[in-house]
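The structure appears below as structure tokens.
The values are calculated or read from the model by the stated rules, or taken from the named source; none is laboratory data. Just so we're clear, the structure is a prediction, and the values are computed from it rather than from any experiment. Cβ atoms come from the backbone with ideal geometry, glycine included; neighbour counts cover every protein chain shown. Heads up: the accessible areas ignore ligands, DNA and RNA and are worked out on the full protein's heavy atoms, side chains in. Shrake-Rupley method; radii C 1.70, N 1.55, O 1.52, S 1.80 Å.
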Amino acid sequence: MGKGIKHGAKKWSTIIATTATSVLAITALITVYLTVAAWKVQQETTRPFFVLKESPKVELGNELSLELRFNNVGVHPAVNLSSETVVFDEQLSAEPVYLDEASIVNEIPKDASSSLVLVIPGEEIYPKQFNIDGHYVVVDLQYTDPILNKSYNQTIYMKWSGVREGKLQPIVHVQVDEKDKISQYFQEHNIDPKLRSQ
């Protein structure tokens, strides 16, 4: 009978030890998962990220000139910055008046800015009119974080409000309900799918 009790106690102690080991293993896995998740969040907070540093400058003479100044507010620098820009009438009926690509060779460190100047010829915008319809300005930025060796894509939607009774209007941000219309316009005019999907 003593043998049976010893055997039963040994069996229970094995079960308890196995359960404790399993709990420790699961705890270790959860800790690793949480550490990796926190590391990924930290990566996203240090990546390069561009914002408009100030309101875009608009000049209208014999042509329309728009200057956009982007500032890298991320911790990491950005390299291989390139942009694709599309400008089109707010009526969404005609072909784009401006399609262009540009790239910057130099690294853009934290808190540094870079300018993108768009010059739209007078024959596309007819600058001498008393009233000019508004135009959407969509800029797709692509760049790489050299520290994480990861590429990013960022699309900025704006709208130049045109000319009203001879007065030059500012550039404003696009409203949420306009974004779907812009995506539809891009699809109808076979404009880069990267811009449609943002």
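Give me the number: length gained by fully extending Thr21 to Val105, i.e. 0.36 nm times residue separation minus the C-alpha to C-alpha distance, one decimal in nm. Intermediate results must be reported in sequence, preceding the final value.
Details: separation 84, 0.36 × 84 = 30.24 nm, distance 5.50 nm.
Full-extension gain reported as 24.7 nm.
Between the helical axis of 2-46 and the dominant principal axis of the chain, each derived from Cα atoms, what acute angle in degrees is found, rounded to the nearest 10?
Roughly 10 degrees between the two axes.
Roughly to the nearest percent, how much of the accessible area of the chain is carbon and sulfur, given a 1.4 Å probe?
The nonpolar share, carbon plus sulfur, comes to 57 percent.
Excluding Ser83 itself, what net charge comes from residues whose Cβ is under 11 Å from its Cβ, given Lys and Arg +1 and Asp and Glu -1? Don't jump to the answer; show the numbers that get you there.
Working: positive: none; negative: Glu84, Asp100, Glu101, Asp140.
Taking every other residue near Ser83 into account, the sum is -4.
Rounding to the nearest 10 and keeping the result within 0 to 90°, find how far the Cα-based axis of helix 176-188 lies from the longest principal axis of the chain.
80 degrees
Where does the chain land at 222 nm, in deg cm²/dmol rounded to the nearest 500, when only DSSP H runs of n ≥ 4 count, each adding -39500 (n - 2.57), divided by all residues?
Working: 4 runs with 67 residues, N = 198.
Dividing the helical sum by the residues of the chain leaves -11500 deg cm²/dmol.
In nm, give the distance between the simple-model label positions of Ile30 and Gln184, each being 7 Å from the Cα along the Cα-to-Cβ direction.
Each label point is offset 7 Å from its Cα along the Cβ direction, giving 4.9 nm.
Using a 1.4 angstrom probe, figure out how much accessible area the chain has per residue, in square angstrom, rounded to the nearest whole.
Values: 12220 Å² over 198 residues.
The answer is 62 Å² per residue.
Check the stretch 50-189 and count each lysine pair with an alpha-carbon distance under 14 angstrom, considering only pairs eight or more places apart or from different chains.
5
Across the chain, where is the longest run that never hits GluC sites (Glu not before Pro) in a DSSP loop with at most 13 other C-beta atoms within 10 Å? Kindly include the intermediate steps, with their values, before the conclusion.
On the way: sites that count: Glu54, Glu165.
Result, exposed sites excluded: 55-164.
Quick check: residue separation of Ala94 and Asp177 times 0.36 nm, minus the Cα distance between them. What number comes out in nm?
Net length gain for the segment: 27.9 nm.
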